[in-house]
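Down below is the structure, laid out as structure tokens.
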Amino acid sequence: MSSTRARARTRTRTVIARSFAAALAFAGFASVPVRAQDASFFKGKTVTFYVGLSAGGGYDVNARLVARHIGKHIPGNPAVVVRNMPGGGGLVMTNYLANVAPKDGLHIGAPQRDIPFEPLLSEESHAKFDALKLQWLGSTNADTSLAVASRRSGIKTWQDLKTKELIVAGTGVATESVVMPYALRNLLGFKYTVIAGYPGGNQMTLAMQRGEVDGRASLSWTSLKPHMKEWVDSGDMVILYQQALKKHPDLPNVPLIIDLTDDPTIKQMLRVEYGSFQVGRPYFLAAGVPADRVTVLRRAFDETMKDKDFLADAAKADQEIGPTTGEDMQKILADIYATPKSLIARLQQAGKNKPDLKVLKGEDKKGGSGK
């Protein structure tokens, strides 16, 4: 009886061992075609980065930097190109990728950082996408935005904004470059007036040089530092305050916007408003792109952020790198979208009232670009 049981146990172990070996072999076999399938799809193809602003600005420089290096981390090593599609600070481009472009993983969006929050914070949103359904690849770094004024404006500190008008440049009327200064006008009494309709950061900077405007209410430190720091050093440009949830290490003496009020409710509203700076320089794929390709491109993005050549190029271009993964971006967005509706309504109202807003010819009043 014991001998029979022993033989049975032996046969059982043999069957289990063979089954386990077969499963391992199948898993190993299966992993090869998946990788090969990724390579066969992307090989010979072209991946396009769509920048939602014009060429030459900070977002464009950042996207071209990523595009220059990510191809070698994508299976099949596809060609990678950059296309500018300005309009509404990235709203036009994001609507295009979400609704028109093929959902094949070959089309990557690079919008202005506030675009993911436009459907939430804009009372009259023209977004044709669900930000929580877009598939985020990640961000190259968190961001610190600045309010700056030219010497000729006569404004030397943020306190001067309480008594002197500052005319600033903006892109689409629904973007942070327009909404934020008016929200601060309504919440903190800052005397901002905005001229909207500039295609991107480069044109807004040129507008300051030409004297069309006297400042910018939203200028990234990562854009200012490599290209305009000499203006600050010479006194031709004054940094008034920084818009972020914590101070940038380079700017310890520049006050945070949330420290310019003692009202706890307004502080809370500003924290929500500036939550977009956590996502900094975001990149996304449309809803509907197959999950396996999203995973491949997320890992390619992550590997690019650690690439020595990429980091060396970033250092040369004075582009800060402090990446956020796509998975973490999805969590950040979900948390902010869970903000109570009553608070969102107050934020919307604060940014809605835009007295004296001027819009350049060619920019419609809904935030998109005219043709």
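The values are calculated or read from the model by the stated rules, or taken from the named source; none is laboratory data. All of these numbers come straight from a predicted model, not from anything done at the bench. Cβ: placed from backbone, ideal geometry, glycine included. Neighbour counts: every protein chain shown. Ligands, DNA and RNA are excluded from the accessible area calculation, which covers all protein heavy atoms including side chains. Shrake-Rupley method; radii C 1.70, N 1.55, O 1.52, S 1.80 Å.
Where a ≥ b ≥ c are the square roots of the eigenvalues of the C-alpha gyration tensor, would you call the range 237-354 rounded, which needs a/c under 1.5, or, failing that, prolate if a/b is larger than b/c, or oblate? Oblate shape, in that a/c is at least 1.5 and b/c is the bigger or equal ratio. Counting only Cα atoms, the size of the chain along its three principal axes is 100, 44, 38 Å, in decreasing order.
Figure note: K354, K156 ranked by solvent-accessible area, largest first, 1.4 Å probe, ligands and nucleic acids not counted: K156, K354. With the simple model of a label 7 Å out from the Cα in the direction of the Cβ, R271 to D104 spans 4.6 nm. Taking 0.36 nm per residue of separation and subtracting the current Cα-Cα distance, fully stretching the chain between V81 and D250 would add 57.6 nm.
By the helix-only formula, in which each DSSP H run with n ≥ 4 contributes -39500 (n - 2.57) and the sum is divided by residues, the chain has a 222 nm mean residue ellipticity of -14000 deg cm²/dmol. The residues V168, V80, sorted by heavy-atom accessible surface at 1.4 Å with ligands and nucleic acids left out, run V80, V168 from largest to smallest.
Taking the protein heavy atoms of the range 137-283 in the context of the full set of protein chains, the accessible area attributed to carbon and sulfur is 50 percent at 1.4 Å. For the range 91-139, a Kirkwood hydrodynamic radius built from all Cα pairs, placed in the Stokes-Einstein relation at 20 °C and 1.002 mPa s, yields a translational diffusion coefficient of 189 µm²/s. May I ask you to give the solvent-accessible area per residue for the chain, in square angstrom, as obtained with a 1.4 angstrom probe? Result: 45 Å² of accessible area for each residue. Cross-link pairs exceeding 27 Å in C-alpha to C-alpha distance, out of K316/K358; K306/K331; K229/K267; K156/K358; K45/K225; K247/K316, comprise K316/K358; K229/K267; K45/K225. Working note: Cα atoms of the range 68-173, range along each principal axis, descending, whole Å: 58, 33, 21.
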